Amino acid sequence: MGHLNQVWEKYTDKGVVLLAVTNEPRGLVDAFVAKNGAKYPIVIESGDSLANFDGSAFPTQFVIGPDGRIAGNTFADGLIDSLLPKQRISPKLPDKAAPVAKLLEKSKYAEARKALETFAGGKVSVEEMESANAMIKWIDDGAASALASAAADEAAGNFGSAAESYEETAADYAGLDGAAKATDALKAMLADATKKKEVDGWKALVKAKADAREISPKKAMALFKSVATKWKDTKAGAKAAALLAEMEKKPNK
């Protein structure tokens with residue numbers, strides 16, 4: 001795992017986040033850090049990110065681009081370097097605008113934008129005004145980027161993830177133009193019966209995956225079989241069938 005330290009050291013000051021995720025006990029994680037000298041953050045989760053990302057091997061690595069999409073499964077310098085120009089690093093706010101930073105942390109973008117407009121129009125220096133306007137642009141660009149990502153998913157036929165992105169954009173940017181556009185785009189997509197069926201199947205699979213973590217393998221198999229049967233003509237149905245087939249290869253406990 002020494003190469004992960006190298007990635008961390010090379011890119012941590014360039015806006016890149018390296019995050020290891022495991023569901024192993026804290027004692028094992030502490031022992032791993034002590035043995036390998038891991039410098040990057042390690043998160044102990046209660047869920048199963050590997051399953052959520054459709055991973056099948058351990059360890060598995062993913063590179064997630066600035067648009068929130070999986071860009072690759074290798075930490076090769078070339079891939080990471082190609083993504084650096086596309087990242088959205090938020091501008092630094094002046095100390096006087098500290099309350100706005102708290103709004104941004106809570107994804108209250110409409111309130112933050114309004115506060116920034118008021119701030120920029122007040123008695124501030126040119127530098128402070130430029131900083132506020134840069135953050136306003138960053139908020140607007142974020143909404144546009146989220147919409148573009150959702151639209152790209154829809155165009156690719158990934159209607160479930162598109163619906164989730166539209167819903168998140170509508171929630172995060174509520175009160176702004178981007179939220180209205182996301183709501184309209186979602187409504188238009190769901191008006192198509194075929195697309196709506198894909199979205200409903202995808203949501204059923206997401207729920208089945210979440211429920212499967214809390215029940216026995218046998219009961220989990222029944223859940224996936226139900227999704228595979230009810231939504232057999234969708235991508236979610238096909239994925240549920242694949243998960244079921246994989247589970248059937250393993251001995252039940």
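How much length is gained on full extension from T194 to V206, taking 0.36 nm per residue of separation minus their Cα-Cα distance?
Taking T194 through V206 to full extension adds about 2.5 nm, to one decimal.
What's the angle, to the nearest 10 degrees (0 to 90), between helix 217-230's Cα axis and the longest principal axis of the chain?
Result, in degrees: 80.
So what is the 222 nm mean residue ellipticity for the chain from helices alone, if each DSSP H run of at least 4 adds -39500 (n - 2.57) and you divide by all residues, rounding to the nearest 500 deg cm²/dmol?
-20000 deg cm²/dmol
Using a 1.4 Å probe on the protein chains only, how many percent of the accessible area of region 1-49 belongs to carbon and sulfur?
Ligands and nucleic acids excluded, carbon and sulfur give 54 percent.
List, in order, the whole-Hz ³J(HN,Hα) value for each residue of region 188-202 obtained from phi through the Karplus relation with A = 6.51, B = -1.76, C = 1.60 and θ = phi - 60°; use x for Gly and Pro.
5, 5, 6, 6, 7, 4, 5, 5, 4, 5, 5, 5, 4, x, 4
Using per-residue counts of other Cβ atoms within 10 Å, averaged over each peptide, order 135-144, 210-219 from highest down.
Listed from highest to lowest mean packing, they are 135-144, 210-219.
Roughly how many nanometres apart are two label points built 7 Å out from the Cα toward the Cβ at V126 and I215?
6.6
Evaluate the charge dipole of the chain about its Cα centre and quote only its size in Debye, nearest 20, assuming +1 on the Cβ of each Lys and Arg and -1 on the Cβ of each Asp and Glu.
The dipole magnitude comes to about 920 debye.
Calculate, for the chain, the solvent-accessible area per residue in square angstrom, rolling a 1.4 angstrom probe over the heavy atoms of the protein chains.
61
Under a 5 Å amide H to amide H cut-off, with H placed in plane at 1.01 Å, what residues pair with V63 once short-range neighbours are removed?
Close amide H contacts, sequence-distant or interchain: A71, G72, N73, T74.
Per 0.36 nm of contour for each residue apart, how much would the distance between K39 and K137 grow if the chain were fully extended, relative to their Cα-Cα spacing?
31.9 nm
Take the solvent-accessible surface of the protein heavy atoms, probe 1.4 Å, and return the percent of it on region 74-139 that carbon and sulfur atoms account for.
After summing per-atom areas, the C and S share lands at 56 percent.
The values are calculated or read from the model by the stated rules, or taken from the named source; none is laboratory data. Here the structure is a predicted model, which is why all the values come from computation and not from measurement. Note: ideal-geometry Cβ built from the backbone for every residue, glycine included; neighbour counts use all protein chains shown. Quick note on the areas: whole protein, heavy atoms, side chains included, nothing else; ligands and nucleic acids left out. Shrake-Rupley method; radii C 1.70, N 1.55, O 1.52, S 1.80 Å.
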